[in-house]
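The values are calculated or read from the model by the stated rules, or taken from the named source; none is laboratory data. Owing to the predicted nature of the structure, the values given are computational and were not obtained by experimental measurement. Cβ sites come from the backbone with ideal geometry, for glycine too, and all protein chains shown count toward neighbours.
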């Protein structure tokens, strides 16, 4: 790796743009479902409305702040995993990133109040609080079995979905029913992501769902959750979720049958990609956003650290 001289780009990439993609996906899904269930004839939207761009920016800033806090409290595990080294290896100042996280969170909440409904602002506030509880002791939901899964499912599948919905629709209880199959899908994807970090999480006392259940039971749970997502999507006539879950199921099933790390990683990577591709068909500019993010990550890591990142499943 290269030296640790100040590089302003480090303070951008510490926001973990690669993890913003799932948040963007679910926010756009919520917007799409609000339009569809309102009876609007939904066609591919080549240009996003300014309010939708603003919502994406607000949520990105909020989640970026949460990801910073997550890394600060996860330094020990990240060092063992040899990843997320910007914070773990001291490439960025702790004082600086605490300030960055605070500014982003406050700005996100202020913009929510100024430009969106009170309910939207509440959803942003709850998202921020949940993100802090997820990482910060003594709560540290990420280190508690099933609570870690529920927090991810509710945060991405519920709150991000609702934020997108509220850009064009009014709040009602039916939002949560519409979000339910996505929360199940997010839970399925999340539990399988705990498998690659099993050893380091166990060594550092982070009792995730994967550590608690063990590899075999965890990936079987992931399969059951994804199957439940597909079943509920079928019942709700949600073709978007049904197709995405249907594409993911063979990968989850193969992970269960083979018990191979590579297939476990492909299950959550491929499952997330399937939904992102479908969302891109409805919002084509999303492909440009994803492509630009991927390219920026590739160039940054290559130039800054000589690394080939991001990559798809590469563990045997």
ask   = Conditions: (1) closer than 14 Å to residue 14 by Cα; (2) touching a helix residue (DSSP H, G or I) at 6+ places or on another chain (Cβ under 9 Å); (3) without any contact (Cβ under 8 Å) to a residue 40 or more places away in the chain. Residue 67 meets all but one. Number of the miss?
value = (3)
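Kindly establish whether residue 217 is in contact with a helix residue (DSSP H, G or I) (Cβ under 7 Å, 6 or more places away or on another chain), modelled with pLDDT of 95 or more, in a helix (DSSP H, G or I) and farther than 14 Å from residue 184 by Cα.
Values: in contact with a helix residue (DSSP H, G or I) (Cβ under 7 Å, 6 or more places away or on another chain): no; modelled with pLDDT of 95 or more: yes; in a helix (DSSP H, G or I): yes; farther than 14 Å from residue 184 by Cα: yes.
So residue 217 does not fit the description; no.
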key: Pairs with Cβ under 7 Å, 6+ apart, first in the range 82-96 and under 13 Å from residue 307 (Cβ atoms), second assigned to a loop (DSSP other than H, G, I, E, B) and at pLDDT 90 or above   = 85/91; 86/14; 86/92
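A quick yes/no check of all residues on (1) part of a loop (DSSP other than H, G, I, E, B); (2) out of contact with any helix residue (DSSP H, G or I) (no Cβ under 9 Å at 6 or more places or on another chain); (3) surrounded by 14 or more Cβ atoms within 10 Å (Cβ to Cβ); (4) at pLDDT 95 or above:
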{"residue": "3", "(1), (2), (3), (4)": "yes, yes, no, no"}
{"residue": "8", "(1), (2), (3), (4)": "yes, yes, no, no"}
{"residue": "36", "(1), (2), (3), (4)": "no, no, yes, no"}
{"residue": "40", "(1), (2), (3), (4)": "yes, no, no, no"}
{"residue": "43", "(1), (2), (3), (4)": "yes, no, no, no"}
key: One residue from 125, 111, 86, 104 being within 21 Å of residue 18 (Cα to Cα), at pLDDT 95 or above and part of a helix (DSSP H, G or I)   = 104
remark   = residue 303 passes all but one of the listed conditions (1) in a helix (DSSP H, G or I); (2) under 18 Å from residue 194 (Cα atoms); (3) at pLDDT below 95; the exception is number (2)
message = Tally up the residues in the range 201-240 that are more than 20 Å from residue 183 (Cα to Cα) and either touching a residue at least 24 places away in the same chain (Cβ under 8 Å) or surrounded by 23 or more Cβ atoms within 10 Å (Cβ to Cβ) (or both), please.
response = 11
ask   = When residues of the range 267-300 are filtered for being closer than 28 Å to residue 227 by Cβ, touching a helix residue (DSSP H, G or I) at 6+ places or on another chain (Cβ under 7 Å) and at pLDDT 90 or above, how many remain?
value = 14
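Yes or no, residue by residue, for (1) under 14 Å from residue 121 (Cα atoms); (2) part of a loop (DSSP other than H, G, I, E, B):
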| position | (1), (2) |
| --- | --- |
| 145 | no, yes |
| 149 | no, no |
| 166 | yes, no |
| 181 | no, no |
